[in-house]
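What follows draws every value from the coordinates through simple rules; no lab data is involved. Quick caveat: nothing in here was measured; it's all calculated off a predicted structure. Cβ placement follows ideal geometry from the backbone for every residue including glycine, while neighbour counts extend to all protein chains displayed.
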Amino acid sequence: MKPDPSTQDNPVIEIKGLYKSFGENNDVLKGIDLTVKKTENLVLLGKSGSGKSVIIKCIAGLIEADKGEIKVFDTSIFDITNAKLNEIRLRIGFLFQSSALYDSMSVRENLAFPLARHSKELTEEEINLTIEKELENVGLAEAIDKMPSELSGGMRKRIGLARTLILKPEIILYDEPTTGLDSITSREISELILSIQKKNKTSSIIITHDMACAKLTGDRLLILKDGVICAEGSYDALEKGEDKWVRSFFV
């Protein structure tokens, strides 16, 4: 069950006039405007290379935009110190497409790593209890002492998500959360994204090519074309719209 839209009045992310180029002839973003409302799952669609991942990397401060404005929690990330930017980053979870687990660390050690860096007040016992709780939340308590090489693709996604959640982010940026997974596992990950939204009251941007994931998780969809947003609406509205190019995503 998705949250009541009436609770989603306060934007947690605001982007205005965002531009980003790579080199002289590769203009990726050409004036992006978007908002993410509180507790909303916003899905970004677009062909490969359309700039979807560039947008969320700009939000997280992993890529520097050429021009425009990005506000996160009503704070411009372009006009603050590195210390303040790092404070905001701690409130943002980023699930990378590859899950980005440390192959030389066990699952327990992977989840302990962010806690050791950012929650130094926790005792070893408290760290272990926190890890066990997050693994239970993603249905993988039994994998706590496994190595990443022992995990399936779907398990790696779940562990990556548990590590993302362990610092209690208010915003989660999902980069292709179901890519490379079979249809059953993809649906399980999509249902987990909804469960997290409901339980933790998170706001999210979900980048995906998986239309089943988009339909299940998205409160609102945006479609990118030629560096700008060309369509916005619910899954059903866009699927039934008059624009043939937009409808091609739903075939």
Ranked from highest to lowest mean number of other Cβ atoms within 10 Å per residue, what is the order of the peptides 162-168, 85-91?
162-168, 85-91
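Please state the shape class of region 129-215: rounded when a/c is under 1.5, otherwise prolate if a/b exceeds b/c and oblate if not, all from the C-alpha gyration tensor. Could the numbers behind the result be given before it?
Details: a/c = 1.96, a/b = 1.16, b/c = 1.69.
Here region 129-215 falls in the oblate category.
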What FRET efficiency comes out for the pair Asp236/Glu126, r = Cβ-Cβ distance, R0 = 41 Å, nearest 0.05?
0.35
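If the chain between Ser152 and Lys16 were fully stretched, how many nm would it gain, using 0.36 nm times the residue separation less the Cα-Cα distance?
So the chain would gain 45.0 nm between Ser152 and Lys16.
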Label points 7 Å out from Cα along the Cβ direction at Ile184 and Val251: separation in nm?
3.1
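Strictly over 32 Å apart at the Cα level, which of Lys168/Lys215; Lys67/Lys199; Lys47/Lys146; Lys37/Lys244; Lys38/Lys225 would you flag in this model?
Details: Lys168/Lys215 26 Å; Lys67/Lys199 36 Å; Lys47/Lys146 36 Å; Lys37/Lys244 28 Å; Lys38/Lys225 26 Å.
With Cα atoms farther than 32 Å apart: Lys67/Lys199; Lys47/Lys146.
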The simple spin-label model distance between Asp226 and Ala100, using points 7 Å out along Cα→Cβ, in nm, is 3.3
